[in-house]
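Peer 1: One structure, pasted below without further comment.
The values are calculated or read from the model by the stated rules, or taken from the named source; none is laboratory data. Remember, predicted model here, so these are calculated numbers, not experimental data. FYI the Cβ positions are ideal-geometry reconstructions off the backbone, even for glycines, and counts take in every protein chain you see.
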Amino acid sequence: MAETTKKLVSGSWLLDHLYDLDVTVLEVSSDQEGKAYENGHIPGAIFCFWKDLLWHETDREFATSSELSDRLGDLGISTDSTIVLCGDPVQYGTYALWVMIMAGVKDVRILDGSRLRWIKDNHPLTSEVPTLKPIKNKTPKPNSESRIGRVEVLDKLNSSNNIFLDARSPEEYRGERVSPPGGFDHGAERRGRIPGAVHLFFRDLLSEDDTFISEEDLKKKFAKVGITGDGEKEIVSYCRLSHRATLAWFAINEILGIDKVKIYDGSWTEWGSIVGFPVEQG
């Protein structure tokens, strides 16, 4: 388990603060039906399907700060409270945290190990769904400095001052697939990677129980691909939809304290389908 920062909380910390009035647990799931949540969740945890909370209703764009504040309010969550995110899978928690930070939410944190470690530690679970009491939130001031778009990425390709970090599976990175192994291969028109990108599979940053590996081990993993925090190089993290990229971003920025890191949220679904954009394979 990595050294706990303000934005990374342990199960024991959450257990001690579970019934604090200013702490809210939000389970962010990739399953729209929320089957795992229905079977058992952290007491008091509120459920949301990630797209319903974080994305624009029709466009592949994030909800505005105002929209996100309203959606949290509809769930009874104050943007002034401490929001602890439980990702299901784990990378959906870091993705939601990143989007919320960009929207200006003040105090949002990640439960280290998410559901898996919580259950492993025999912490309490319940099937009781909390009663939602909608509230009105003020709109926070957004900050999208950690986000980068396709045109900016293209402009940086010929610069030596950048490191493009590919957090996908080895098969995706090599250009054998456009989505992770084990399912229907979809998500882009072409296979491959952004030219010059280095590879570090996001699962290698996690222990078997979904907690982050130690800070020292994280340093070693990132150092092998040239990410040390020394110098002026900017790091751009990407994957297929950017969920896995946010987990790498969290480790670099929040645990290791390396500031110059951004996320290309268009990631491979966008880059791999743009006419004329360069691709590297092999």
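Peer 1: Got at least one residue in region 30-45 being in contact (Cβ under 8 Å) with a residue 60 or more places away in the chain, in contact with a helix residue (DSSP H, G or I) (Cβ under 6 Å, 6 or more places away or on another chain) and closer than 22 Å to Thr139 by Cα?
Peer 2: No, the conditions are met nowhere in region 30-45.
Peer 1: Is there a residue being at negative phi, touching a helix residue (DSSP H, G or I) at 6+ places or on another chain (Cβ under 6 Å) and free of Cβ contacts under 8 Å to residues at least 24 places away in the same chain anywhere in region 233-246?
Peer 2: no
Peer 1: Please determine whether any residue of region 179-188 is among the acidic types (Asp, Glu), crowded, with 16+ Cβ neighbours inside 10 Å, in the same structural domain as Val236 (by TED's automatic domain parsing) and not in a strand (DSSP E or B).
Peer 2: No; the residues of region 179-188 include none that is among the acidic types (Asp, Glu), crowded, with 16+ Cβ neighbours inside 10 Å, in the same structural domain as Val236 (by TED's automatic domain parsing) and not in a strand (DSSP E or B).
Peer 1: Something else now. Do we find a residue being part of a helix (DSSP H, G or I), closer than 28 Å to Val9 by Cβ and touching a residue at least 24 places away in the same chain (Cβ under 8 Å) anywhere in region 196-207?
Peer 2: yes
Peer 1: Determine if region 243-256 includes at least one residue that is farther than 28 Å from Glu270 by Cα and surrounded by fewer than 15 Cβ atoms within 10 Å (Cβ to Cβ).
Peer 2: no
Peer 1: Further, regarding this structure: Kindly indicate whether any position in region 77-92 is among the polar types (S, T, N, Q), more than 24 Å from Ser12 (Cβ to Cβ) and in contact (Cβ under 8 Å) with a residue 40 or more places away in the chain.
Peer 2: Scanning region 77-92 turns up at least one residue that is among the polar types (S, T, N, Q), more than 24 Å from Ser12 (Cβ to Cβ) and in contact (Cβ under 8 Å) with a residue 40 or more places away in the chain.
Peer 1: In addition: Sort through Asp259, Asp265 and tell me the only one that's acidic (Asp, Glu) and in contact (Cβ under 8 Å) with a residue 40 or more places away in the chain.
Peer 2: Asp265
For (1) under 21 Å from Ser144 (Cβ atoms); (2) out of contact with any Leu (no Cβ under 8 Å at 6 or more places or on another chain), each residue gets a yes or a no:
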| site | (1), (2) |
| --- | --- |
| Gly11 | no, no |
| Leu18 | no, yes |
| Gly44 | no, no |
| Leu54 | yes, no |
| Arg60 | yes, yes |
| Leu68 | yes, no |
| Ser78 | no, no |
| Val84 | no, no |
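Peer 1: Here are some residues: Glu38, Glu57, Glu27. Which one is out of contact with any strand residue (DSSP E or B) (no Cβ under 9 Å at 6 or more places or on another chain) and at negative phi?
Peer 2: Glu57
Peer 1: So which of Thr64, Thr58 is surrounded by fewer than 15 Cβ atoms within 10 Å (Cβ to Cβ), more than 21 Å from Glu254 (Cβ to Cβ), at pLDDT 95 or above and among the polar types (S, T, N, Q)?
Peer 2: Matching residue, one of Thr64, Thr58: Thr64.
Peer 1: Give the residue that is surrounded by the most Cβ atoms within 10 Å (Cβ to Cβ), with candidates limited to residues of region 142-177 that are part of a helix (DSSP H, G or I) and free of Cβ contacts under 8 Å to residues at least 12 places away in the same chain.
Peer 2: Ranking the candidates gives Glu171 first.
Peer 1: From the list Gly44, Gly93, exactly one residue is at pLDDT 95 or above and out of contact with any Cys (no Cβ under 8 Å at 6 or more places or on another chain). Which is it?
Peer 2: Gly44
Results for (1) over 18 Å from Pro170 (Cα atoms); (2) touching a strand residue (DSSP E or B) at 6+ places or on another chain (Cβ under 6 Å); (3) of a type in the set (S, T, N, Q), shown as yes or no for each residue.
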{"position": "Asp185", "(1), (2), (3)": "no, no, no"}
{"position": "Arg190", "(1), (2), (3)": "no, no, no"}
{"position": "Pro195", "(1), (2), (3)": "no, yes, no"}
{"position": "Glu208", "(1), (2), (3)": "yes, no, no"}
{"position": "Ile213", "(1), (2), (3)": "yes, no, no"}
{"position": "Lys224", "(1), (2), (3)": "no, no, no"}
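Peer 1: Still on this structure, I have one more. With respect to Leu26, determine if the residue is within 17 Å of Gly113 (Cα to Cα), modelled with pLDDT of 95 or more, crowded, with 21+ Cβ neighbours inside 10 Å and within 16 Å of the chain's Cα centre (by Cα).
Peer 2: In short, yes.
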